[in-house]
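Student: Below is one structure. I have some questions about it.
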Ligand SMILES: C[S@@+](CC[C@H](N)C(=O)[O-])C[C@H]1O[C@@H](n2cnc3c(N)ncnc32)[C@H](O)[C@@H]1O
C-alpha cells in the first residue's frame, strides 16, 4: 500500500523546486489527489488518467497521456506513474519543460534500481540536468527532477 502522505509531500517538493511553474500536467494522476494538493498551493493542474472515480473538483483529462498531447504546461509531473514514466521524460524533452517523477514499477520488468538509473540517464541524454530527491515517506520515495540544460 503506497504511503497516503505522498501527494502532499510531492506537491511541497514541486512547489519548492519550481516556484514559477504555474501550469502543471499531472500524468497518471489516478483519482486526482496530487492535483488537489498542488491546486491548494496555487497551481493550475490538469490530471491525465483513465479513472471514472475521482475527486469531483479537479480538472481531469480522462485519457491516456501520449507524446501527441498539446503542451499547455510549464512543468510535467508524475507520482508512481507506472507505464507513463518514460513518456513524462520524453514529453518534457519534446517541449523543453522541466519534469519531476516519483517512479515505481518499470514498463519492461526492469528492477527498481536499474530502472532509476535508466531514467536518470534518459533524462541526461535528452538534455536535462538531473537531480535526485527523496520524499519523507514509506515505499517508492525517490524523485527524479529534470531541468532543461541551456543551449
Ligand atoms: C500506480 S497508479 C498511481 C496513481 C496515482 N498517481 C497514485 O499515486 O495513486 C498508476 C496509474 O498510471 C495510470 N497510467 C499509466 N499509463 C498512463 C498513461 N499513458 N496516461 C495516463 N495514465 C496512465 C494508470 O491508469 C494508473 O492510474
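Where a number appears in this text, it was derived from the coordinates with a stated rule and is not lab data. Since the model is a prediction, treat every value here as computed from it, not as a measurement. Note that each Cβ is placed from the backbone with ideal geometry, even for glycine, and that neighbours are counted across all protein chains shown.
Student: I need the full set of residues from the stretch 46-56 which are more than 11 Å from the ligand (Cβ to nearest atom) and outside any loop (DSSP other than H, G, I, E, B), in order please.
Tutor: Listed by number, the list holds a single entry, 46.
Student: Same structure, new question: Could you check the stretch 57-151 for strands (runs of 3 or more DSSP E) lying wholly inside it with 1 or more residues that are within 16 Å of the ligand (Cβ to nearest atom) and touching a residue at least 24 places away in the same chain (Cβ under 8 Å)?
Tutor: 60-62, 75-79, 99-102, 142-148
Student: Pick from the stretch 10-45 the residues that are assigned to a strand (DSSP E or B) and either in contact (Cβ under 8 Å) with a residue 60 or more places away in the chain or crowded, with 21+ Cβ neighbours inside 10 Å (or both): which of them is farthest from the chain's Cα centre (by Cα)?
Tutor: Only one residue fits best here, namely 45.
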